[in-house]
1. Could you list, in sequence order, the residues of segment 432-481 that are free of Cβ contacts under 8 Å to residues at least 60 places away in the same chain, not in a helix (DSSP H, G or I) and not acidic (Asp, Glu)?
2. Go through (1) without any contact (Cβ under 8 Å) to a residue 40 or more places away in the chain; (2) more than 20 Å from residue 520 (Cβ to Cβ); (3) of a type in the set (S, T, N, Q) for residue 299 and report which single condition fails.
3. Which of the residues spanning segment 482-504 are touching an Asp or Glu at 6+ places or on another chain (Cβ under 9 Å) and of a type in the set (A, V, I, L, M, F, W, C)?
4. Any residue in segment 278-295 that's within 9 Å of the ligand (Cβ to nearest atom): show its pairings with residues that are among the acidic types (Asp, Glu) and not in a strand (DSSP E or B) at Cβ separation under 6 Å, as long as the two are six or more apart or on different chains.
5. Considering each residue of segment 209-225, count those that are within 15 Å of the ligand (Cβ to nearest atom) and either under 19 Å from residue 155 (Cα atoms) or assigned to a strand (DSSP E or B) (or both), and give that number.
6. Quick one: which of 205, 167 is among the hydroxyl-bearing types (Ser, Thr, Tyr), in contact with a strand residue (DSSP E or B) (Cβ under 6 Å, 6 or more places away or on another chain) and surrounded by 14 or more Cβ atoms within 10 Å (Cβ to Cβ)?
7. Mind listing whichever residues of segment 302-314 are in contact (Cβ under 8 Å) with a residue 60 or more places away in the chain and more than 13 Å from the ligand (Cβ to nearest atom)?
8. Tell me, which helices (runs of 4 or more DSSP H) wholly within segment 235-345 include 2 or more residues that are among the hydrophobic types (A, V, I, L, M, F, W, C) and more than 22 Å from the chain's Cα centre (by Cα)?
Amino acid sequence: MGETFYVTTPIYYPSGKFHIGTAYTTVLADSLKRLNKLKGKDCFMLTGTDEHGQKIQEVAQKNNLTPKEYVDKMAEMAQDLWKTMNIDYDYFIRTTEERHEKVIQEIFEKLLKQGDIYKGTYEGMYCVPCETYFTETQLVDGKCPDCGREVRKMQEESYFFNMKKYTDRLLKYYDEHPDFIKPEYRKTEMINNFIKPGLEDLCITRTTFDWGIKVPSDPKHVVYVWLDALFNYLTALGYMSEDDSLYQKFWPANVQIVGKDIARFHLIYWPIFLMALDLPLPKTIFVHNWIMMKDGKMSKSKGNVIYPETLIERYGLDATRYFLLREMPLAQDGIFSPEEFVERYNYDLCNDLSNLLNRTVSMVNRYFEGQVPGKTKNVNDVDEQLEKETIEHINKFNELIDNFEIAESLKEIWKVVSRTNKYIDETSPWKLAKEEEKEKLESSMYHLIENLRKIAILIKPFMNDTADNILRQIGIQDENLKTYDSLLNYQELQNVKVIEKGEPIFMRLNSEEEINYIKEIMKNK
Ligand code: ME8
């Protein structure tokens with residue numbers, strides 16, 4: 001069996017239209033899957049919807065729908081969005097699927113039987129939107145510490161999961177598996193904020209509503225939404241079902257991507273649940289920050305929400321994906337602003353990338369009737385230097401992306417773009433043509449096309465159509481010249497012919513007009 005790659009996104013609460021922030025995780029997971037596919041691995045990407053719980057029940061009621069009718073509609077909406085965003089997922093799991101519910105029930109009974117789950121009474125302050133209980137001391141100004149909304153005092157007979165039993169084992173695991181949590185500071189955060197103060201046993205059933213998976217041996221209880229939801233990563237692969245071949249092949253996951261607000265559930269509860277069942281843990285859980293607006297969180301009431309569809313319709317999918325991935329630093333939140341969006345579009349995509357392609361295609365047409373010179377020995381003084389620096393950038397790109405420094409890794413690709421633009425100035429092909437320096441001119445054109453080929457392969461996981469468009473315009477048809485492996489060498493380009501007239505891949509935007517357009521849209525939605 002070849003190498004496999006399994007990447008998961010959180011499954012979304014289908015409680016409204018997804019804004020660009022919520023799309024981040026999925027675009028990132030898709031990009032990582034595409035990158036690994038390009039590297040020749042057998043890949044599986046999972047996404048889906050988290051459809052149980054009090055919050056869903058209440059939203060459905062407000063919309064005069066049954067919970068089931070409501071989640072059906074929302075799951076469809078989510079799938080439509082992922083189609084628009086060209087997300088190459090392999091399975092869309094819904095936690096209302098029968099096979100998922102059945103396995104959750106079996107897991108619950110198993111944990112109950114082995115003594116990890118016990119019955120008790122729960123009393124605490126409950127935040128309905130976050131589906132989480134808090135102790136008085138955890139509240140901030142009497143409100144939910146996560147979302148700032150009102151909490152309710154609630155008491156109920158509940159089942160508990162014995163977290164305390166696993167605390168030491170979890171800490172030891174963190175210690176022995178430095179790649180388990182990325183970035184590393186999230187591990188420190190978990191230890192200092194939650195584990196050191198002492199893990200409370202987790203209340204894992206509810207009796208106050210019924211939209212959830214029933215506990216088979218005590219059906220007035222429904223399973224707490226997190227215990228239900230987290231196991232989607234296994235049930236989607238057929239774990240504990242008749243055909244568990246996908247589970248055998250892909251579990252443990254290579255990467256599970258989650259936003260910072262759900263880090264605690266994935267970094268503490270999830271590994272503990274898996275340990276209790278003696279199952280292997282995912283190799284890495286990557287926690288990303290949030291896309292914020294200049295004035296804080298996106299919210300309808302502030303009139304600062306931006307939806308992916310809006311940007312895609314006007315600026316295209318690849319520009320939208322590029323912006324999202326390029327603007328999220330590892331160590332803090334990313335900021336969306338109309339100014340920044342238009343600037344990135346004009347500078348990075350139009351000036352740097354699109355112009356490089358256009359100038360190159362037109363020069364190869366002008367000087368060689370479109371026929372790309374095959375590999376030449378390096379004859380310009382700067383050829384050697386260009387090759388060396390390009391390969392260094394590619395190596396650095398690999399290092400950064402392996403460490404989930406996504407924005408930085410895109411910056412590294414754009415260093416290749418800038419370096420190649422600089423190479424045009426350095427070799428000044430128009431002078432070489434005038435001076436009839438044929439060999440040098442051939443070398444210059446070869447290197448420009450070869451670097452554009454490399455750039456196309458590097459951006460392909462993030463901007464698939466743009467990459468294909470570049471490859472088409474520079475005449476790369478041979479599949480061997482489209483592989484990730486072909487990146488690290490300067491390849492022979494045999495019988496490569498560029499298209500007769502280059503087509504701009506990104507057209508310069510009128511900044512003022514577009515900034516105003518985006519601002520208006522944000523106000524009106
Ligand atoms: O958390 N920027 O679902 P969800 C970046 N159902 N990411 C953001 C964001 C923003 N502005 N806003 C939200 C859930 N997200 C649970 C998951 S998994 C077993 C259950 C991210 O729809 C958020 O951090 O509230 C989370 O990773 C994802 O969107 C889905 O959030």
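The values are calculated or read from the model by the stated rules, or taken from the named source; none is laboratory data. Fair warning: this is a prediction, and the values are worked out from it, not measured in the lab. Please note: Cβ atoms are built from the backbone with ideal geometry, for glycine as well, and neighbour counts cover all protein chains shown.
1. 476, 477
2. (2)
3. If the condition is that a residue be touching an Asp or Glu at 6+ places or on another chain (Cβ under 9 Å) and of a type in the set (A, V, I, L, M, F, W, C), then 493, 496 are the ones that fit.
4. 289/333; 290/333; 292/333
5. Our first condition is that a residue be within 15 Å of the ligand (Cβ to nearest atom); within segment 209-225, this holds for 211-213, 223-225.
In the following step, the residues that additionally are either under 19 Å from residue 155 (Cα atoms) or assigned to a strand (DSSP E or B) (or both) were identified as 211-212, 223-225.
Number of matching residues: 5.
6. Details: 167 fails: in contact with a strand residue (DSSP E or B) (Cβ under 6 Å, 6 or more places away or on another chain).
That would be 205, the only listed residue that is among the hydroxyl-bearing types (Ser, Thr, Tyr), in contact with a strand residue (DSSP E or B) (Cβ under 6 Å, 6 or more places away or on another chain) and surrounded by 14 or more Cβ atoms within 10 Å (Cβ to Cβ).
7. Initially, segment 302-314 is screened for residues in contact (Cβ under 8 Å) with a residue 60 or more places away in the chain, giving 303-312, 314.
Scanning segment 302-314 gives 303, 309, 310, 311, 312, 314.
8. Ranges flagged: 270-276.
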